[in-house]
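Here is the structure we will look at, set down as structure tokens.
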């Protein structure tokens, strides 16, 4: 089958999930013919993502968040206003997206929570399977941990889920933990996280330093303050260096790295613990490697507040409202390592769920080919008997 990926370029989570699924499909003998990434002037797409895909990669300008003047919290009002003003640009992106899809003739479109893709599918209605993947869709499950917050924030979160999966044939929700299947809506498929090969191959070891990953560059001030208050704690920070303004000279125990996929995982495998904003992917990787986490949700991003609750429920670590380090120091003193057994047992179901999904998808997309394959298998079985 021919797959076309459309990927949200905000943060790194959706991109690394796409990278993981790209390898899984390739290993199963299928083709990803195009990768289209939603981009903006606010954040550049990491070079390691562009190098990963051997298929053509296209960047299309798409809706994005607007932060406050300190480049920390999300301003919902300004986000809606600024994206509304850019409607002509997004309409042009939709036309470009349509041309790329017509040119590629994919059997299946996979959307990694990109708004442009959902709007495109809802308006253009292409005659091709459309599947949306994202941990956010877990909100449809009764066990989803809802964070406290205004009614408006929750409704906007649900609206984002609806837009990104507008008219989707299937929604796949990624979860840190196994949830009761008997409560699962029929319209929802729940998978373990999509982890890259670099994570799966990593050998975790005990370390003395803390690893930090920040999405919004404004948090660098908080990290520097954290390092100053704990001069005996070595802190390794990963971010887009070109977008991080360091406040004066850095504390001697703080080291800043440009975002690099292999280097980041290597440092995570050797750290004592992880301090980061509440992005799903970093939490998943830390759980697989048995590294405790402290997450600080990005203010104004309701999804991250829910992720923070899920972090504690899943036994991954703790959450805090600021980068004050003492609670995490206390946590590490009593729990140096997170047990990976339950998480890895859940993750071990991924290959089975993936191949089952692939078989069903192939049967729905090309029933003749699927029936031929089934007949061949039956013939082989009869001959062997």
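The values are calculated or read from the model by the stated rules, or taken from the named source; none is laboratory data. Bear in mind the structure is a predicted one, so any value in this text is a computation, not a measurement. All Cβ positions, even for glycine, are placed from backbone atoms using ideal geometry, and neighbour counts span all protein chains on display.
Might you check whether a residue that is within 24 Å of the chain's Cα centre (by Cα) and assigned to a strand (DSSP E or B) occurs anywhere in segment 112-119? Even if it seems obvious, please write down each step before you answer.
At the first step, the residues of segment 112-119 found to be within 24 Å of the chain's Cα centre (by Cα) are 112-119.
Add one more test, that the residue is assigned to a strand (DSSP E or B), and what stays is 112.
Checked segment 112-119: at least one residue is within 24 Å of the chain's Cα centre (by Cα) and assigned to a strand (DSSP E or B).
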Could you check residue 180 against (1) surrounded by fewer than 16 Cβ atoms within 10 Å (Cβ to Cβ); (2) at pLDDT below 90; (3) over 24 Å from the mean Cα position of the chain (by Cα) and say which number it fails?
-> (3)
Filter pass, residue 171 being surrounded by fewer than 16 Cβ atoms within 10 Å (Cβ to Cβ) and under 21 Å from the mean Cα position of the chain (by Cα) | no
Restricted to segment 21-38 and to residues being over 18 Å from residue 360 (Cα atoms) and surrounded by fewer than 20 Cβ atoms within 10 Å (Cβ to Cβ), the residue nearest to the chain's Cα centre (by Cα) is 23
Leading residue by the ranking (modelled with the lowest pLDDT) among those in segment 191-221 that are touching a helix residue (DSSP H, G or I) at 6+ places or on another chain (Cβ under 9 Å), outside any loop (DSSP other than H, G, I, E, B) and buried (at least 23 other Cβ atoms within 10 Å of the Cβ) | 213
If you take just the helices (runs of 4 or more DSSP H) that sit entirely in segment 255-373, which of them hold at least 3 residues that are without any contact (Cβ under 8 Å) to a residue 12 or more places away in the chain?
-> 326-334, 350-365
